[in-house]
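Working notes, structure below.
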Amino acid sequence: QVHLVESGGGSVQTGGSLRLSCAASGRNFSSYFMAWFRQAPGKEREFVAAINWKGTNTHYVDSVKGRFTISRDNAKNRVLLQMNSLKPQDTAVYYCASRGGPNYYSDADSWDYWGQGTQVTVSS
């Protein structure tokens, strides 16, 4: 069992930055693949970024490449999402997710544990 709690959301203007943090509790955090998803009103939950247990392999959706960076600190049981050059289309509730095993999947149904989400609003 893994319990995830996100923080760091807020409101910024276009071009601004935010850093999201996901604190994890439970055993074997370092063995889990971790990811960030987001969901805008009226839309399906969308994969944003994922990172393997070592932090050596990352994946991003094309729309955030070069702007967002996912990282993890296994000693502190947390995963971060640094978001730069934010755009209004990044506005959504951002969720932290985890799954066991060596692979990641971009579909939300493949992830085992979820946080409650944190709101990110980018105004033009």
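The values are calculated or read from the model by the stated rules, or taken from the named source; none is laboratory data. Here the structure is a predicted model, which is why all the values come from computation and not from measurement. Cβ sites come from the backbone with ideal geometry, for glycine too, and all protein chains shown count toward neighbours. Quick note on the areas: whole protein, heavy atoms, side chains included, nothing else; ligands and nucleic acids left out. Shrake-Rupley method; radii C 1.70, N 1.55, O 1.52, S 1.80 Å.
Condition test on Thr58, is it open to solvent by less than 60 Å² (accessible area, probe 1.4 Å) and under 15 Å from Gln119 (Cα atoms)?
no
Out of the residues in the range 63-72 that are within 21 Å of Gly101 (Cβ to Cβ) and either in a helix (DSSP H, G or I) or open to solvent by 30 Å² or more (accessible area, probe 1.4 Å) (or both), which is modelled with the highest pLDDT?
Ser71
Report yes if Ala24 is farther than 14 Å from Gly117 by Cβ, modelled with pLDDT under 95 and assigned to a strand (DSSP E or B), otherwise no.
Judged against the criteria, Ala24 is a match.
Go through the range 27-62 residue by residue and tally those that are under 21 Å from Gly101 (Cβ atoms) and either part of a strand (DSSP E or B) or among the hydrophobic types (A, V, I, L, M, F, W, C) (or both). Write out each step before concluding.
In the first step, residues of the range 27-62 are kept if they are under 21 Å from Gly101 (Cβ atoms); the result is 27-37, 45, 47-61.
Still in the list and also either part of a strand (DSSP E or B) or among the hydrophobic types (A, V, I, L, M, F, W, C) (or both): 29, 33-37, 47-51, 53, 58-61.
Counting residues in the range 27-62 that are under 21 Å from Gly101 (Cβ atoms) and either part of a strand (DSSP E or B) or among the hydrophobic types (A, V, I, L, M, F, W, C) (or both) gives 16.
Would you pick out the residues in the range 4-29 that are in contact with a Lys or Arg (Cβ under 9 Å, 6 or more places away or on another chain), of a type outside the set (Val, Ile, Thr) and surrounded by fewer than 14 Cβ atoms within 10 Å (Cβ to Cβ)? Don't jump to the end; show me each part of the working.
The initial filter retains those residues of the range 4-29 that are in contact with a Lys or Arg (Cβ under 9 Å, 6 or more places away or on another chain), namely 8, 14-15, 21-24, 29.
Subsequent filtering for residues that are of a type outside the set (Val, Ile, Thr) retains 8, 15, 21-24, 29.
Across the range 4-29, the qualifying residue is only Gly15.
How many residues, within the range 82-105, are of a type outside the set (A, V, I, L, M) and assigned to a strand (DSSP E or B)? Spell out how you get there, then give the answer.
Residues of the range 82-105 of a type outside the set (A, V, I, L, M): 82, 84-85, 87-91, 94-96, 98-105.
Those left that are additionally assigned to a strand (DSSP E or B): 82, 94-96, 98-99.
So the answer is 6.
Does Val79 fit the bill of being part of a strand (DSSP E or B) and touching a helix residue (DSSP H, G or I) at 6+ places or on another chain (Cβ under 6 Å)?
Spelling it out, it is not the case that Val79 is part of a strand (DSSP E or B) and touching a helix residue (DSSP H, G or I) at 6+ places or on another chain (Cβ under 6 Å).
Could you list, ordered by first residue, the pairs with Cβ atoms under 9 Å in which the first is in the range 86-107 and over 27 Å from Arg27 (Cβ atoms) and open to solvent by less than 40 Å² (accessible area, probe 1.4 Å) and the second is in a loop (DSSP other than H, G, I, E, B) and of a type in the set (Phe, Trp, Tyr), at least 6 apart or interchain?
none
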